[in-house]
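Each remark here refers to the structure printed beneath this line.
The values are calculated or read from the model by the stated rules, or taken from the named source; none is laboratory data. Computed from a prediction, not measured in an experiment: that's the story for all the values here. Don't worry about glycine lacking a Cβ; one is built from the backbone with ideal geometry, like all the others, and counts go over all protein chains shown. What goes into the accessible areas is simple: the full protein's heavy atoms, side chains included, and nothing from ligands, DNA or RNA. Shrake-Rupley method; radii C 1.70, N 1.55, O 1.52, S 1.80 Å.
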Amino acid sequence: MVAFRSTDASGRITGLLFRCVLYSLLALALIIVDKRYDHLGRIRRLLSVAAYPVQVAVASPFQGWNWFRDSVTTRDVLRADKAKLEAELRLAQFRLQRYEALEAETQRLRALRENTESVTDRFVIGDVMNVDLDAFRERVLVDKGAGDGIYVGQAVLDSGGVFGQVARVGQLTSEVILVSDAAHAIPVQINRNGLRTIAVGTGESNRLKLPYLPTSADVIAGDLLVTSGLGGGFPAGYPVGTIAEVKRDPSQSLADVDVKPAAALDRSKELLFVWLKPQAAELLPPPKPAAVPKK
Amino acid sequence: MMRETRIRRVPMALSAAGALALAVVPLPAVLDAFRPDFLVLVVFYWCIESPRAGGLSLAFFSGLALDVIHGVVLGQHALALTLTGAWATHLRLRIRVFSVLSQCLTVFALLTGYQFVLFWVDGATGNPVTTFGRWLAPFVGALLWPVLTSLMDKINER
């Protein structure tokens, strides 16, 4: 209680400046330590567990409402949904038949090159929590964390394509930075001709841009962009978006290319966390062998 | 005096927890930029209303909670809230006798100071947000101040 007894005999507040300076220095120290050094990761992970009840309390009324709405839907709606899903499933199975044949063919071709690794990746599905992190950054909170093996930099997909990557991991939750965040860039290639470039976020959830393509580059509206797999962060071959518009200004050396993201960045509720098969062995455990030569 | 501070701790913690939840309640994207800093207003209220109950400690730890829940660099909101909380405590005797309009203007200045510290730390740590949208929150917060104080006074008097 001593710390809070901050009045003198006449009831005036004393030590305001002292406490203000003390707390400010503490906050500054936290900022510097958190920014410069990586020691606070564990503390932050524990603190995020403390924040979890608040996040759940905020998200649960919305989940409850969704549950309520689900349980009172009419028979007609359910029948319509069922018909739609069956049609989609038929189409997906039709595609899958071809996929299995293609995977077998890829395995054979890789076997020729003495590289028999599977092209399929391991997935974990996470739900986006109904929590607004920051109005001015494209980020979402997902209910899977370090406890589920999620790691920083992990690729995140939704049913349409590449969604983003893991920016920060808590024990129970993790923060995903979307491909459309202004601080995010992803190596891509144009599916039609294999042209490689980098897609950068704009801060708007329905637009990416390709700022590094020369005006003479072979790119036209409607081209599909897929991940190139360069850089090792994202698995290769997943759709990132389609070219929406190409503006070529002859006086500029670089073209102005807008991309419409393939993932439903502002709507998706279920996300896939992907483990890269070939690199997983190198990425998942911390790089211990690097420390050995120091001995 | 001891009894007085102990009685006030509970509504203080409860209102802060409620405001923290409001800070992350999902809003439509259009309204999101207009979201006032509820927790900051609540901290100001307690700094002005009962500065003896440890308003600055509340400010620091509320800021830390905001840092964790927003997933930004630890200490950012804590620093901003400590500085502006101390400012509010310093101004408390004057604010109490101000008219509603002057109160709103003072709170607007405090909230702008708060946003400025956040803006500065954002820039210093290398991920600046330069949209003008972030300066909307002080406006909305200042407009909300009279409503919030009358509401909190009602709760506090019980």
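Summary table
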quantity	calculated
Residue-averaged [θ]222 nm for chain B, counting only DSSP H segments that reach four residues, each worth -39500 (n - 2.57)	-26500 deg cm²/dmol
Shielding of B:89-99 by partner chains, average beta-carbon count, 10 Å	1
Taking the C-alpha atoms of the range A:100-236, convex hull volume expressed per residue in Å³	142 Å³
Exceeding the 29 Å Cα-Cα cut-off - candidates A:Lys84/A:Lys247; A:Lys35/A:Lys260; A:Lys84/A:Lys269; A:Lys144/A:Lys260	A:Lys84/A:Lys247; A:Lys35/A:Lys260
The range A:15-114 - Rg and Dmax from Cα coordinates, angstrom	27.5, 77
Number of partner chain Cβ atoms within 10 Å, mean per residue of B:17-28	4
Accessible area per residue in Å² at 1.4 Å probe, computed on the range B:77-139	48 Å²
Cα-Cα P(r), the protein assembly as shown, percent of pairs per 10 Å interval	4, 17, 25, 23, 16, 10, 5, 1, 0
Cα Rg, Dmax, the range B:67-140, angstrom units	13.7, 42
Rg over Rh [alpha-carbon atoms, Kirkwood Rh] for chain B	0.95
Area accessible to solvent at A:Leu26, 1.4 Å probe radius, in Å²	90 Å²
Calculated FRET value between A:Thr74 and A:Arg267, using beta carbons and R₀ = 22 Å, to 0.05	0.40
Charge dipole magnitude, Cβ of K and R +1, D and E -1 - the range B:31-158, Cα centre, debye nearest 20	320 debye
Exposure rank, largest accessible area first [B:Cys104, B:Cys47; 1.4 Å]	B:Cys104, B:Cys47
Cross-link partners of B:Lys154 among aspartates and glutamates (Cα-Cα below 18 Å; sequence separation of 8 or more within a chain)	B:Glu4, B:Glu49
Fraction of accessible area attributable to carbon and sulfur, the range B:1-130 (%, probe 1.4 Å)	71 percent
Threshold 20 Å², the range B:46-66 residues less accessible with all protein chains present than alone (1.4 Å probe)	B:Pro51, B:Arg52, B:Gly54, B:Leu56, B:Ser57, B:Phe60, B:Leu64
Qualifying chymotrypsin sites (Phe, Trp or Tyr not before Pro) in the range A:24-112, DSSP loop, other Cβ atoms within 10 Å at most 11	A:Tyr37
Accessible-area composition of the range A:220-264, carbon plus sulfur, in percent [1.4 Å probe]	56 percent
